[in-house]
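Taking it in order: structure first as structure tokens, then the write-up.
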Ligand SMILES: Nc1ncnc2c1ncn2[C@@H]1O[C@H](COP(=O)(O)OP(=O)(O)O)[C@@H](O)[C@H]1O
Ligand SMILES: [Mg+2]
């Protein structure tokens, strides 16, 4: 499902974020990606949904080499990947409901389906009563849960989550993890970047460890 | 089905954009409506001049001026003779008093001058319509009549008017083209600015997999709405101005009689003007939206 072949990423100013990364994540896997801040976790995720391109090597996701993707193919490629961004990336001047319905519109779902589907995912994260609020009216944790709901709404093949519990209290974090497991049990490949060691220990999943751009495998 | 869902989405998004960037939209609409108002004014003048010229061309009226010492009977005889000629119609004998009255109606100053003169300086004249094909024969037939002083043909006047009118319409077209360009340029830049203002949203939409058409089309709708509203407002202002100018300045304007009979544009012209402004909106905004980059 996701393959990194000799991937290095060097940003413009010579910042080396990833170095010679080789890894494969199979279909239906649930994987944690961890490491200190600045280790390259976000960069790793960005390479998968082609927000960034590798400087060396290649990244293959959903059987598509991200370098070989034409500009016009990018949207369809990304539609199959749900992303929970570290900074949420909610549309500021749209309500919670509109933020979620937007994706369904873009994917061309029929109008009758939009409402039900949007409320379904809002219920999953326990925020259906905030549907008419704007992101700025929500706490950081609530915005994070909206971002999670949005990533789930079109049942993506791959779910990438960047510090998805960073703003949540422990109980809520567990609930969200349970939600990710549920999504995973339906066949979605899940990759979660986090530096929450307790969580990783508790979940007993495959874990990739990044340090200064170098990747190591840890299996528990 | 999918298409209608998409169109509905573009429409709603475009309308939301349009109302959200209120100041920019208003600025754009202001520029477009000024341009369209001027274009409406010019088109109205052009339309009326053109109509007047056509009328003149289709029904040329000639005047035959007779010598000063011609008697009324000689005049009557000549007009009876003219009526028998082929291609001649609407023959009308104009006695000096009547001629002066007409002149004074048309040029008030001439009436004033006449009052200071003793007697009427105008000769008897005959007004008639001559079919263009019969003109040579009629001139030939009039040769032996020594009482014919001169034949006044409208052709010279008409051709002069035509060359002035074509020069004026070229000038009008030039100004209209400049105004259209200025409007398109304004829409283009206003949409560019709104795109910049929403760069963040555009990036987010692309990262969650929105197709370019979903990102670009709402801006085209926004530009189209600007064009449409600017066009309607401009056409209303333009025709309003025509009515005001006509009522206050042209009603008693005798020198160019068609100006006092100036009419507002027919519906088809208005439809054309509105279509033009919609096209400006679509063109300017589509150009701006096509420059949105892939993230
Ligand atoms: N857009 C960028 N331009 C330049 N350097 C960057 C950029 N994004 C990240 N980096 C650098 O790459 C390294 C890895 O960053 P990141 O992937 O965000 O790490 P993490 O998510 O693990 O905290 C850091 O040193 C960071 O400063
Ligand atoms: Mg990060």
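Conditions (1) within 29 Å of residue A:108 (Cα to Cα); (2) touching a strand residue (DSSP E or B) at 6+ places or on another chain (Cβ under 8 Å); (3) away from ligand 2 (no atom under 16 Å from the Cβ); (4) within 14 Å of chain B (Cβ to nearest Cβ), marked per residue:
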site	(1), (2), (3), (4)
A:131	yes, no, yes, no
A:173	no, no, yes, no
A:176	yes, no, yes, no
A:184	yes, yes, yes, no
A:191	yes, yes, no, no
A:211	no, no, no, no
A:218	no, yes, yes, no
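Report, by residue number, each residue of the stretch A:2-53 that is on the phi > 0 side of the Ramachandran plot and either within 16 Å of ligand 2 (Cβ to nearest atom) or touching a strand residue (DSSP E or B) at 6+ places or on another chain (Cβ under 9 Å) (or both). Explain how you work it out, then say what you get.
Of all residues in the stretch A:2-53, those on the phi > 0 side of the Ramachandran plot come to A:6, A:14, A:20, A:28, A:35, A:38, A:40, A:50.
Scanning the stretch A:2-53 gives A:6, A:20, A:28, A:35, A:38, A:40, A:50.
Taking interchain pairs and intrachain pairs at least six residues apart, which have beta carbon atoms under 8 angstrom, with the first residue in the stretch B:283-295 and within 14 Å of another protein chain (Cβ to nearest Cβ) and the second part of a loop (DSSP other than H, G, I, E, B)?
That search, which allows pairs on different chains as well, returns B:295/A:51.
In the list B:203, B:235, B:217, which residue meets the criterion of being under 19 Å from the mean Cα position of the chain (by Cα) and not in a loop (DSSP other than H, G, I, E, B)?
Of the residues listed, the single one that is under 19 Å from the mean Cα position of the chain (by Cα) and not in a loop (DSSP other than H, G, I, E, B) is B:235.
Being more than 10 Å from chain B (Cβ to nearest Cβ), free of Cβ contacts under 8 Å to residues at least 60 places away in the same chain and surrounded by 18 or more Cβ atoms within 10 Å (Cβ to Cβ) is the filter here, so list the residues in the stretch A:63-94 that pass it.
A:66, the sole residue that qualifies.
Inside the stretch A:138-163, can you point out the residues that are within 16 Å of ligand 1 (Cβ to nearest atom) and touching a helix residue (DSSP H, G or I) at 6+ places or on another chain (Cβ under 6 Å)?
A:160, A:162, listed by residue number.
Yes or no: residue B:223 at pLDDT 90 or above, outside any helix (DSSP H, G or I) and within 29 Å of residue B:290 (Cα to Cα)?
Taking the combined requirement at face value, the residue does not satisfy it.
Within the stretch A:173-193, is there a residue that is within 16 Å of ligand 1 (Cβ to nearest atom), at pLDDT below 95 and either under 16 Å from residue A:33 (Cβ atoms) or crowded, with 19+ Cβ neighbours inside 10 Å (or both)?
Let us first name the residues in the stretch A:173-193 that are within 16 Å of ligand 1 (Cβ to nearest atom), namely A:191-193.
Now drop any that are not at pLDDT below 95, which leaves none.
There is no residue in the stretch A:173-193 that is within 16 Å of ligand 1 (Cβ to nearest atom), at pLDDT below 95 and either under 16 Å from residue A:33 (Cβ atoms) or crowded, with 19+ Cβ neighbours inside 10 Å (or both).
So which residues in the stretch B:156-181 are over 15 Å from residue B:52 (Cβ atoms) and surrounded by 15 or more Cβ atoms within 10 Å (Cβ to Cβ), if there are any at all?
Answer for the stretch B:156-181, where residues must be over 15 Å from residue B:52 (Cβ atoms) and surrounded by 15 or more Cβ atoms within 10 Å (Cβ to Cβ): B:172, B:176, B:179, B:180.
Quick one: in the stretch A:33-42, of everything that is buried (at least 23 other Cβ atoms within 10 Å of the Cβ) and either closer than 17 Å to residue A:190 by Cα or within 14 Å of chain B (Cβ to nearest Cβ) (or both), which residue is farthest from ligand 1 (Cβ to nearest atom)?
The qualifying residue farthest from ligand 1 (Cβ to nearest atom) is A:33.
Here is a list: B:43, B:28, B:63, B:35. Which entry is surrounded by fewer than 19 Cβ atoms within 10 Å (Cβ to Cβ) and either within 15 Å of the chain's Cα centre (by Cα) or more than 14 Å from every other protein chain (Cβ to nearest Cβ) (or both)?
Working: B:43 fails: surrounded by fewer than 19 Cβ atoms within 10 Å (Cβ to Cβ); B:28 fails: surrounded by fewer than 19 Cβ atoms within 10 Å (Cβ to Cβ); B:35 fails: surrounded by fewer than 19 Cβ atoms within 10 Å (Cβ to Cβ).
None of the other options fit; the residue is B:63.
Here is a list: A:27, A:13, A:46. Which entry is out of contact with any helix residue (DSSP H, G or I) (no Cβ under 8 Å at 6 or more places or on another chain), within 12 Å of ligand 1 (Cβ to nearest atom) and under 19 Å from residue A:190 (Cβ atoms)?
A:46
If the requirement is being assigned by TED's automatic domain parsing to the domain that holds residue B:72 and touching a helix residue (DSSP H, G or I) at 6+ places or on another chain (Cβ under 8 Å), which of these qualifies: B:126, B:175, B:113, B:187?
B:126
From B:7, B:3, B:82, B:103, which residue is over 30 Å from residue B:177 (Cα atoms) and at pLDDT 85 or above?
B:82
Check off (1) over 26 Å from residue A:182 (Cα atoms); (2) within 16 Å of ligand 2 (Cβ to nearest atom) for residue A:89 and give me the number that stays unchecked.
Result: residue A:89 passes all but (1).
Condition test on residue B:23, is it surrounded by fewer than 18 Cβ atoms within 10 Å (Cβ to Cβ), in a helix (DSSP H, G or I) and in contact (Cβ under 8 Å) with a residue 40 or more places away in the chain?
No.
Taking residue B:221 as the residue in question, decide whether it is under 30 Å from residue A:81 (Cα atoms), within 14 Å of another protein chain (Cβ to nearest Cβ) and surrounded by 14 or more Cβ atoms within 10 Å (Cβ to Cβ).
No: the conditions fail for residue B:221.
The values are calculated or read from the model by the stated rules, or taken from the named source; none is laboratory data. These numbers were taken from a predicted model, which means no experiment stands behind them. Cβ sites come from the backbone with ideal geometry, for glycine too, and all protein chains shown count toward neighbours.
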